[in-house]
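This report concerns only the one structure given below.
The values are calculated or read from the model by the stated rules, or taken from the named source; none is laboratory data. None of the values given here were measured: they were computed from a predicted structure. Positions of Cβ are backbone-derived with ideal geometry, glycine not excepted, and every protein chain shown enters the neighbour counts.
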Amino acid sequence: MVDHVSPSTEPGPVTVALMKAIWNAIVSGYLKVIAPVADFLVAKRVRPNTITTVGTICTCTAGVIFATGHISVGGWFLGLTALFDVLDGTVARRTGTTTQFGAFYDSTLDRVADGFLLGGLVVFYATHPVHANQAMVIVATLALIATFLTSYTNARAEGLGFSARVGVLQRPERITLLAAPQAFFGLALHGWVLACIVTLLMTTAWITFFQRMAYVHRITTAAPTSTSPGE
């Protein structure tokens, strides 16, 4: 196994704006394409939670594809199926079936999907016969940890009566990073494109985590409340 020094990438406002622009363009285009699909699902009374479940299975499948080393295929598959995240909410709103459990279910399965996606990259860097790289195993693992922490900080803040949806990297941008570059570049430049993306993902996820911690600290100290310690 040959280790290579993992690249260091600092996210800037242009990078973040580009990710948001790409995701918004994808969503805008997909909404037009999937409108007939949404109409069909509404007409057939398909439950939003069913759509969420199917979307999670597809995202987990993309993670498995990543783990097997088919990075470009995994990127395309993730990109083409990621809009289940849009479909379930669209169908729920149009059918008037938005529920608290539906929001909880969607958020919980998002964490399952994130675990499979980043876990797939950890497995890829740990086992691939050509691109196995101990340094990138660590980077991908740190990205996985930070992704869960960013989600937990917002969930815990909401439990305290606040919203902490702040920071440079939200879930749509994370999915964009994991889908678009991999779909078009795969393992180009001896895998350095993928390594840069994973490093960028890890860096921005940790920045987002600390931004949310700072944000919650600021609003809670400005308006102190009596709370019980979290887990």
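What the table shows:
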{"read-out": "So Phe77, is it of a type in the set (Phe, Trp, Tyr), under 16 Å from Gly115 (Cβ atoms) and under 21 Å from the mean Cα position of the chain (by Cα)", "value": "no"}
{"read-out": "Condition met for Thr203 (surrounded by 21 or more Cβ atoms within 10 Å (Cβ to Cβ) and at pLDDT 90 or above)", "value": "no"}
{"read-out": "Sole exception among (1) touching a Phe, Trp or Tyr at 6+ places or on another chain (Cβ under 9 Å); (2) hydrophobic (A, V, I, L, M, F, W, C); (3) assigned to a helix (DSSP H, G or I) for Ala132, by number", "value": "(3)"}
{"read-out": "Some residue of region 126-135 being aliphatic (A, V, I, L, M), farther than 30 Å from Ala103 by Cβ and surrounded by 20 or more Cβ atoms within 10 Å (Cβ to Cβ)", "value": "no"}
{"read-out": "Residue in region 214-231 that is in a loop (DSSP other than H, G, I, E, B), among the acidic types (Asp, Glu) and closer than 24 Å to Gly119 by Cβ present", "value": "yes"}
{"read-out": "The listed residue being touching a helix residue (DSSP H, G or I) at 6+ places or on another chain (Cβ under 6 Å), among the aliphatic types (A, V, I, L, M) and at pLDDT 65 or above, out of Ala21, Ala82, Ala43", "value": "Ala82"}
{"read-out": "Matching residues, region 142-167, being surrounded by fewer than 17 Cβ atoms within 10 Å (Cβ to Cβ) and among the β-branched types (Val, Ile, Thr)", "value": "Ile145, Val166"}
{"read-out": "Every residue from region 193-214 that is more than 18 Å from the chain's Cα centre (by Cα) and under 25 Å from His70 (Cβ atoms)", "value": "Val193"}
{"read-out": "Count of residues meeting criterion [surrounded by 18 or more Cβ atoms within 10 Å (Cβ to Cβ) and over 16 Å from the mean Cα position of the chain (by Cα)] in region 168-192", "value": "4"}
{"read-out": "Qualifying helices (runs of 4 or more DSSP H) (wholly inside region 41-126; at least 2 residues being of a type in the set (Asp, Glu))", "value": "84-95"}
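Conditions tested, residue by residue: (1) closer than 21 Å to Thr59 by Cβ; (2) of a type in the set (Val, Ile, Thr).
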position: Ala135; (1), (2): no, no
position: Ala143; (1), (2): yes, no
position: Ala157; (1), (2): no, no
position: Val168; (1), (2): no, yes
position: Leu177; (1), (2): yes, no
position: Ala188; (1), (2): no, no
position: Tyr215; (1), (2): no, no
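Yes/no per residue for (1) touching a helix residue (DSSP H, G or I) at 6+ places or on another chain (Cβ under 8 Å); (2) acidic (Asp, Glu); (3) surrounded by fewer than 18 Cβ atoms within 10 Å (Cβ to Cβ); (4) touching a residue at least 40 places away in the same chain (Cβ under 8 Å):
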| position | (1), (2), (3), (4) |
| --- | --- |
| Asp39 | no, yes, yes, no |
| Ser72 | yes, no, yes, yes |
| Thr97 | yes, no, yes, yes |
| Thr108 | no, no, yes, no |
| Gly119 | yes, no, no, yes |
